[in-house]
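A.B. asks: For reference, the structure I am asking about is given below.
Read-outs throughout are calculated quantities, based only on the coordinates presented, and are distinct from any laboratory measurement. Please read all numbers here as calculations on a predicted model, not as lab measurements. No Cβ is skipped: glycine too gets one built from the backbone with ideal geometry, and neighbour counts run over all protein chains shown.
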Amino acid sequence: PVLFVSLPWTTSLLTLAVVMFLYALVANTIRPLAESMVPDFLPPQRRSRANAVVKIATSLTIVVASLVSLLVVDEHPRGAFGIPAAILLGVTVVLIVKVRDNQSAGYRAAVAGGEERVPFRRVLTDLLTDPDRRRVLLLLTVFLFGGAWFASRSLITPYGMAALGLTRGEAGGLTLPSGIAFLLAAYPAALLADRYGRLRVIGVGMALFTAAMVAGTFVQTATGTVVVFCIAAAGAAGFSINAAVALWNLAPSSRVLGAYTGLYAVTWYLGGFAGPALIGLAVDLTGWDGMLLDIAVLSALAVLVIARLGRLQRRSGT
């Protein structure tokens, strides 16, 4: 919370970069630790639905951010940072008081079985040298779609201002309905994955996201953009709910689930850093009017990779 509240008070580009780096470092360190608790507490057959609940809670942050943008940013740009910080502080207190990871089934099983810790270097070596490329392809998908998703979120405000003629607050509020769409699609995405397969739901969801971005290129109005982003968010739910679970299920043993969660998080956020930068470069070349189409190209690459992974999965008979 302290780092987040400090962001609007930075006085130079250097201090802004330092604070942003420290904030990203802390946030990206905490997230994989929290997400790795899901497979510790829950058996494989319940993980997609549990992950859906986690993502629903996460998507509420999109709703809150959009509301803050609509109601607070234009009048109190610095004060707006205090609202998410206060929420984060409250959540931290609840986590410390209520959650005990040593009470999880995964932790107890590891202690009872005397499982030894697997060094991360061995996990990474196995991942890169294994002739079975499914895990690498899934992480590549995470990287590519993470880039597309973060670009669609982080660049929506300048896009709305430059391409749609909106104010900063109005442009930031464009994602509010899509946050609700994500909420509504999250749990059904888990149920569909249980019935039809996670990779299939991931692929269809990313294809829907891609198609929505293409459609948004030709419907450049505020209302049209809201509708497009709602469709895109529903498609993204198919990926977001099931990708981590698919990676857990490809892990060679339960001992490395925490490491695989960390790999997923690092890959996702590497895409989050690279995607907006790449799309920003494309915008410099093509203009803001073509931003959604640029994002669609990046997302389409992820669809191609997951299609390849699906073929390998069918050949393996799993």
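A.B. asks: For region 172-318, build the charge dipole from Cβ charges (+1 Lys, Arg; -1 Asp, Glu) around the Cα centre, then report which of A185, T225, A259 sits farthest towards its positive end.
C.D. replies: Toward the positive end, the furthest listed residue is A259.
A.B. asks: To the nearest 0.05, what FRET efficiency results for L13 and L60 with a Förster distance of 45 Å applied to their C-beta separation?
C.D. replies: Efficiency at R0 = 45 Å is approximately 0.90.
A.B. asks: What ranking do 177-184, 233-240, 293-300 get when scored by the average of other Cβ atoms within 10 Å per residue, highest first?
C.D. replies: Put in order of decreasing packing, that is 233-240, 293-300, 177-184.
A.B. asks: Taking θ as phi - 60°, what are the ³J(HN,Hα) couplings along region 288-301 by the Karplus curve (6.51, -1.76, 1.60), each to the nearest whole Hz, with x for Gly and Pro?
C.D. replies: Rounded to whole hertz, the list is 5, 4, x, 4, 5, 5, 4, 5, 4, 4, 5, 5, 4, 4.
A.B. asks: Another question about this same structure. FRET efficiency for L293 and R78, Cβ-Cβ distance as r, R0 = 30 Å, nearest 0.05?
C.D. replies: The computed FRET efficiency comes out at 0.30.
A.B. asks: Once R0 is set to 22 Å, what does the formula 1/(1 + (r/R0)^6) return for the Cβ-Cβ distance between L312 and R255, expressed as a FRET efficiency to the nearest 0.05?
C.D. replies: After rounding, the FRET efficiency stands at 0.35.
A.B. asks: Follow-up. Work out how much length R133 to T221 would gain on full extension: take 0.36 nm times their residue separation and subtract the Cα-Cα distance, in nm to one decimal.
C.D. replies: 27.4 nm
A.B. asks: Shifting gears a bit: Go through 8-15, 135-142 and give me the packing order, highest mean Cβ count within 10 Å leading.
C.D. replies: 135-142, 8-15
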